[in-house]
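K.L.:
Before I ask anything, let me first share the structure, which is written out below as C-alpha cells.
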Amino acid sequence: MGRLPLSMNLRQAHRPSVYEYTDYRTYLRDYYVAEKARRPAFSYRYFARRAGHTSPNFLKLVIEAKRNLGPASVTAFARALELDVGDAAAGQA
C-alpha cells in the first residue's frame, strides 16, 4: 500500500482524480490510501458495503489484481467512489 508524503498533513489528503490515471487499480489504491488518511475508520469492508458487495475484501482483491471489475462492479464502484458515469468510463479506459 502506498504512503502519503510525510510533508502532507493528513487533513490535507484529497481524493485523487480519476482523470490522472491510466490504470484503475492504481487509482483505487491511491483512493484507498487517501480515504484512510482522511478517515481512519475507512476500510475495505466499509467500501464493500458502500459498493453493495458481499465480499468485504473485494476492493483489496481488485487492487492486487486477484479480481477484475465487470460492468456491474464498475457501476457499483463508481457509486461508492461518488463518481459520475463519465468519470467511471474514464477510469475503465
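The values are calculated or read from the model by the stated rules, or taken from the named source; none is laboratory data. Predicted model, so just to flag it, every value in this text is computed and none were measured. Reconstructed Cβ throughout: ideal geometry from the backbone, glycine too, with neighbour counts over all protein chains shown.
K.L.:
Can you pull out every residue in region 43-69 that is of a type in the set (Lys, Arg) and not in a helix (DSSP H, G or I)? Let's see the steps before the verdict.
P.N.:
Going residue by residue through region 43-69, those that are of a type in the set (Lys, Arg) are 45, 49-50, 60, 66-67.
Once the filter is applied, which keeps residues that are of a type in the set (Lys, Arg) and not in a helix (DSSP H, G or I), region 43-69 yields 66, 67.
K.L.:
Tally up the residues in region 26-54 that are touching a residue at least 24 places away in the same chain (Cβ under 8 Å), among the basic types (Lys, Arg) and more than 18 Å from residue 84 (Cα to Cα), please.
P.N.:
Within region 26-54, residues that are touching a residue at least 24 places away in the same chain (Cβ under 8 Å), among the basic types (Lys, Arg) and more than 18 Å from residue 84 (Cα to Cα) number 2.
K.L.:
Still on this structure: Does residue 72 qualify as being assigned to a helix (DSSP H, G or I) and modelled with pLDDT under 90?
P.N.:
Working: assigned to a helix (DSSP H, G or I): yes; modelled with pLDDT under 90: yes.
Yes.
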